[in-house]
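So the structure is just underneath, and the comments pick up after that.
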Amino acid sequence: MKKKFQGTGVALVTPFHKYSTVDFASLEKIVEHTVGNGVDYLVVLGTTAESPTLSKDEKRAVVDFVVETVNKRVPIVQGIGGNNTQEIVDTIKSSSFEGIDAILSVCPYYNKPQQKGIYYHFKTIASVSPVPVILYNVPGRCGANISADTTLQLAKELNNIIGIKEASGNFDQIMRILKDKPKDFLVISGDDALTLPLMSLGVEGVISVVANAFPSQFSKMVNLCLDGNFAEAAKIHFGLLEIINTLFEDGSPAGIKAALQILDLNQNNLRLPLVKANKSVYLQLTNLITNYLHI
């Protein structure tokens, strides 16, 4: 199970048509682009997918489409999280997990629960999930942090919680988890720009945004890190770093959707309250991508 989620996972975007319906043709292009260029697994209905703006029927349709398109070529992780524990339990109980290898569940947001509440929230989810659970810590979005102590307690007590996507940017916290975690518990980078330094400390991969656009290059960097070849990995890291930083200047997924349009992989459409990256960022991305690919 651990090896399933080592390496490069991709937090898939959800492409939209001009009038905001899901663009399944572009979604197929992106799935084929990523799977065909060496990524290890896909994450559907994560933050990058604009999942809060999708209806229940749309979520089911997107998951079913990705499962069918992937056709078991790589594992699939489904995002199922929120700040209402019972609603998540009900969603899990009413969902089909055919073709789904794990769920990614975000720290409860907005409510700002105590660590005790976070612990019982994830314990409850793990108790009903028919597939393994990967925690997702992203305090910059959630307003709450899964502490190292809480992560370690969940990791040691619940076999169904197999890892954490750590996007806190807090190296002290991540190192504490790496130092004291169970052997088979995965720590996954949630920050593209920090993936290389985190992997030098023992993180075993990434759930990536930039790999929607550059799956081959980013996967190669991650694989070099897994092999301990950080000198060669650093060349790819620094080659992509300015693109990665620019992707997030106007928030995510605005930047990656702009990049995917530049690469002719989707239309640059988002759902409110998100809007397109501004023209200066789009132009900067165009120049960076053109220079990077020498086109």
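Okay, here's what the table says:
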read-out: Stretchable slack from Y110 to L241, in nm (0.36 nm times residue separation minus alpha-carbon distance); value: 44.1 nm
read-out: Selected from V43, V131, V13 as most flexible by GNM, with the chain as the system and alpha-carbon contacts under 10 Å; value: V131
read-out: Net lengthening on full extension, R60/R141 (0.36 nm per residue, minus Cα-Cα); value: 26.7 nm
read-out: Sequence of H237, H17, H294, H33 once ranked by neighbouring C-beta atoms within 10 Å, starting from the fewest; value: H294, H17, H33, H237
read-out: Of K59/K235; K56/K257; K4/K279; K3/K257, those spanning more than 32 Å from alpha-carbon to alpha-carbon; value: K59/K235; K4/K279
read-out: Residue with peak Gaussian network fluctuation, the chain [Cα springs, cutoff 10 Å], from N83, N111, N266; value: N111
read-out: Extension reserve of the N278-Y120 stretch, reckoned as 0.36 nm per residue once the Cα distance is removed; value: 52.8 nm
read-out: For the chain, share of DSSP beta bridges that run antiparallel, in % to the nearest 5; value: 5 percent
read-out: Unit charges at the beta carbon, dipole of region 3-227: most positive-side option, T91, V31, A213; value: T91
read-out: Dipole of the chain, positive direction: furthest Cα of H294, L42, N268, with charges on the beta-carbon; value: L42
read-out: GNM result for the chain, Cα springs below 10 Å: residue of C142, C107, C225 fluctuating most strongly; value: C142
read-out: Value of [θ]222 nm, deg cm²/dmol, for the chain, DSSP H segments ≥ 4, -39500 (n - 2.57) each, nearest 500; value: -14000 deg cm²/dmol
read-out: Student exercise, the chain dipole from Lys, Arg, Asp, Glu Cβ charges, in Debye to nearest 20; value: 360 debye
read-out: Options N160, N170, I146, ranked by Cα towards positive dipole end of region 85-183, top entry (Cβ charges); value: N170
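Bear in mind these aren't lab numbers, they're just calculated from the coordinates by the rules spelled out. All figures in this text were calculated on a predicted structure; none of them were measured in a lab. Note that we place each Cβ from the backbone using ideal geometry, even for glycine, and neighbour counts take in every protein chain shown.
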